[in-house]
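Heads up, the thing below is written out as structure tokens.
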Amino acid sequence: MKKLFFTLILLVAVSVILSGCVVRTYRKTQDRVDQNLSEGNRGYLMDTTAQIPDQDRRMTRTTQVVEVEFYPAIKFDRKSKVQGPAGTDQFDTEADYYVEEDIDLVDVSVFMQEYTVQKNDTLQKISQKFYGTTRKWSDIYQANQDILKGPDQIKPGQVLRIPESSVSVIEEDSLIGPIK
């Protein structure tokens, strides 16, 4: 009993230190109504009402009560709801907005080759034919996602777009130094 009590006290002390909560322990004495045998149905089942000698029974019990009080959860201030008619955009019309610069568009089809799928072809085999390695099959799949349902669902006769292996468009004026 003492070992359990000291373990409980140690547990409470650790929880107070770690969590910053408030802990109260106290003893509570209560009446034991289950020990009052002066009235009731003693001996009713056997149809005997023999007198059972009274024994020393404790009429109260003492329990150790531990109350742990946690601090309330942190409440954050919520932003106030926008006041105004629903469905209208409210923004500063005088603010400077980012204007996208004119960008020269490059025709992507220039950097793609077409390939008609043959019988027993896979994306790995096609990658081996064009790139010399089977590891770039995902590039072919990415370029043809609108045609293919899955990477393993290619059919003979389909025309696939094969991206060139190392396509990079760099304007000569934008080069800072030699590319190594």
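Any read-out appearing in this document is the output of simple, stated calculations on the displayed coordinates, not a laboratory observation. Because the structure is predicted, anything quoted here is derived from the model rather than measured. Heads up, the Cβs are rebuilt from the backbone with ideal geometry, glycines too, and the neighbour counts pull from every protein chain shown.
Before moving on, here are some points about what is shown:
- Taking each residue as 0.36 nm, the span from Ile147 to Arg58 lengthens on full extension beyond its C-alpha to C-alpha distance by 23.4 nm.
- A full extension of the chain between Ala13 and Val66 corresponds to an added length of 17.9 nm, given 0.36 nm per residue minus the alpha carbon distance.
- The modelled label-to-label distance between Arg27 and Lys129, using points 7 Å beyond Cα along the C-beta direction, is 9.1 nm.
- Spacing of the modelled spin labels on Gln158 and Thr116, each 7 Å from Cα toward Cβ, amounts to 1.7 nm.
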